[in-house]
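Notes to accompany the following structure.
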Amino acid sequence: MHGKFITIEGTEGVGKTTNIEFIQTWLNQQKVDFVTTREPGGTPLAEQIRELLLTPRDEKVCNSAELLLMFAGRAQHLDQVIVPAIQSGRCVVCDRFTDATYAYQGFGRGMDSALISHLERLVQADLRPDLTLILDIPVEIGLQRASQRSAPDRFEREQTEFFERVRQGYLSIAANEPQRCVVIDASKPLADVQRDITTALESFFTQGQG
Ligand code: TMP
């Protein structure tokens with residue numbers, strides 16, 4: 001049986017790291033065999049591509065170079081990690097995936113979603129996440145939280161309006177695919193956020209019989 005593919009999405013500072021740790025604990029308690037990974041990244045080559053993408057630089061990175069680097073890393077990650085895990089029956093928990101490309105490169109940068117969809121088919125064939133949790137908070141709060149963490153990376157240097165478009169992008173993806181996507185209000189107290197995540201996971205694993 002194929003393992004489930006779960007992705008976690010959201011704009012900067014929504015609390016992905018803390019909540020992914022919570023999801024790992026929950027899956028362990030349910031005795032689900034899983035692997036946790038992230039994008040961009042997830043293999044040595046894809047982590048190098050992540051470095052290229054996130055490092056602030058003087059040279060302007062053109063939109064199509066950014067898009068192709070995202071999918072280059074994704075192709076490698078799918079080949080080396082995601083597909084083998086799913087095929088061996090393990091659940092994959094991935095910190096961001098192609099919804100981030102629609103949200104950031106599509107809604108954020110203004111790239112054509114048909115072009116993204118074309119690359120998605122090229123790189124993933126018909127592989128799509130089974131469940132996507134979108135952690136949602138007002139952009140200002142997220143950026144404030146993210147700025148307390150570390151020096152801003154190349155994306156975190158973008159203007160607030162960019163992240164507003166990204167956030168709306170995620171919400172519109174969720175509205176179009178309500179069976180797959182669950183929007184979690186991450187501005188609530190952590191205990192409430194984690195209760196909502198548990199509800200989403202329980203409902204997903206009950207429907208899909210694990
Ligand atoms: P983070 O996941 O550690 O926050 O950093 C990854 C950054 O890369 C984040 O700002 C979102 C961005 N990103 C894209 O722009 N497109 C993508 O397809 C992915 C996976 C990430």
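Here is the P(r) of the chain: all C-alpha pair distances, binned every 10 Å from 0, give 8, 35, 39, 16, 1, 0 in whole percents.
A dipole drawn for the chain from +1 and -1 charges on Cβ atoms has a positive end, and of Ala114, Ala151, Thr37 the residue lying farthest that way is Thr37.
Counting only protein heavy atoms and a probe of 1.4 Å, the accessible surface of the stretch 76-210 is 49% carbon and sulfur. Each of Asn176 and Thr198 was given a label point 7 Å from its Cα along the Cα-to-Cβ line. The distance between the two points is 3.4 nm. From most to least packed by mean Cβ count within 10 Å, the peptides 165-177, 2-14, 45-57 give 2-14, 165-177, 45-57. For a quick check, take a GNM of the chain with Cα springs below 10 Å and name the residue from Lys16, Lys188, Lys60 with the largest mean-square fluctuation. Of the options given, Lys60 has the highest mean-square fluctuation. Computed over protein heavy atoms with a 1.4 Å probe, the accessible surface of the chain works out to 49 Å² per residue. Here the stretch 1-108 yields Rg over Rh of 1.00, to two decimals, using C-alpha coordinates and the Kirkwood radius. Based on DSSP H assignment, which helices of the chain show an axial Cα extent of at least 18 Å together with a mean Kyte-Doolittle hydropathy greater than or equal to -1.0? Result, helices passing both filters: 16-29, 63-77, 160-176, 190-207.
A simple count of charges around Ile82, restricted to other residues whose Cβ falls under 15 Å of its Cβ and scoring Lys, Arg +1 and Asp, Glu -1, yields -3.
Residues whose amide H comes within less than 5 Å of that of Phe34, counting only those at least five positions distant or on another chain, are Cys91 (H built at 1.01 Å from N in the peptide plane). Here the 3J(HN,Hα) profile of the stretch 80-87, calculated from phi with Karplus coefficients 6.51, -1.76 and 1.60 at θ = phi - 60°, is 8, 10, 5, 5, x, 5, 4, 5 Hz, Gly and Pro shown as x. Dividing the mean sequence gap of close Cα pairs (under 8 Å, 6+ apart) by how many residues the stretch 58-210 holds gives a relative contact order of 26 percent.
Between Gly42 and Glu47, the built amide H atoms are under 5 Å apart, and every one of these is 5 or more places off in sequence or on another chain.
The values are calculated or read from the model by the stated rules, or taken from the named source; none is laboratory data. It should be emphasised that the depicted structure is a prediction, and the values quoted were computed from it without experimental measurement. All Cβ positions, even for glycine, are placed from backbone atoms using ideal geometry, and neighbour counts span all protein chains on display. We work out accessible area using only protein heavy atoms, side chains counted, and drop any ligands, DNA or RNA first. Shrake-Rupley method; radii C 1.70, N 1.55, O 1.52, S 1.80 Å.
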